[in-house]
1. For the range 1-127, what is the relative contact order in percent, using Cα pairs closer than 8 Å and at least 6 residues apart in sequence?
2. Could you count how many Lys pairs in the chain have their Cα atoms under 17 Å apart, skipping same-chain pairs fewer than 8 positions apart?
3. When only DSSP loop residues count, what GluC sites (Glu not before Pro) in the range 82-148 have their Cβ near at most 15 other Cβ atoms within 10 Å?
4. Gap in Å between the Cα centre of the range 35-86 and the Cα centre of the range 95-123?
5. From the square roots a ≥ b ≥ c of the eigenvalues of the alpha-carbon gyration tensor of the chain, which class results: rounded (a/c under 1.5), prolate (a/b over b/c), or oblate?
6. Please sort through the DSSP H helices of the chain and keep those with an alpha-carbon extent of at least 15 Å along the long axis and a Kyte-Doolittle average not below -0.5.
7. Peptides 63-74, 44-55: what's the order by average Cβ count within 10 Å, highest mean first?
8. Starting from 0.36 nm per residue, how many nanometres of slack lie between Asp13 and Ala106 once their C-alpha separation is accounted for?
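Read-outs throughout are calculated quantities, based only on the coordinates presented, and are distinct from any laboratory measurement. All of these numbers come straight from a predicted model, not from anything done at the bench. All Cβ positions, even for glycine, are placed from backbone atoms using ideal geometry, and neighbour counts span all protein chains on display.
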Amino acid sequence: MKKILVIHGPNLDLLGRREPKIYGKVSLEKINQELKVLAKKAKIAITIVQSNHEGEIVDIIGDSRNKFDCLIINPAAYTHTSVAIRDAIAASGIKTIEVHLSNIYAREEFRQTSLSAPVCVGQISGFGAQSYSLAFAAAQSLIAAKKK
Ligand code: DQA
């Protein structure tokens, strides 16, 4: 069975309550439920984690080497600051999709740079909670392409 790892970065545990005009009203729990439904339908095993800690995220990515076929990550604020998470993604060798609920390119200047996107296959940004289902579809395509 193919395996996808989803990592939610800092403050995403507050989704639904956190700045709903920017991030929407859908909770992280709901997003995770939806991802689990999609995974079940696709017969893909899914592991979902959330962490507010940079080092913990680096450890999780490091441990995922050779264990997952695809990584979906919303590094949240670390997107714009973390060389460590970028390096962990690059070192993991796992095909990675970066996700954002908001369109980071339409926001403050400091959010318009992603340190991690260049080491990902691609980025999905700006579709609210739907960014995650789009990322799941992208992950499925990457997994299918690998099988060929
Ligand atoms: C975010 C965008 C980041 O700039 C911000 O720090 C977040 C969430 C998004 O999903 O839109 O926490 O990654």
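1. On the way: 222 pairs, mean separation 34.8, N = 127.
Relative contact order, the range 1-127: 27 percent.
2. Lysine pairs, 8 or more places apart or on different chains, close enough: 29.
3. Counting only loop positions with at most 15 other Cβ atoms within 10 Å, the GluC sites (Glu not before Pro) in the range 82-148 are Glu108.
4. One Cα centre to the other: 15 Å.
5. oblate
6. 28-42, 130-147
7. 63-74, 44-55
8. 31.2 nm
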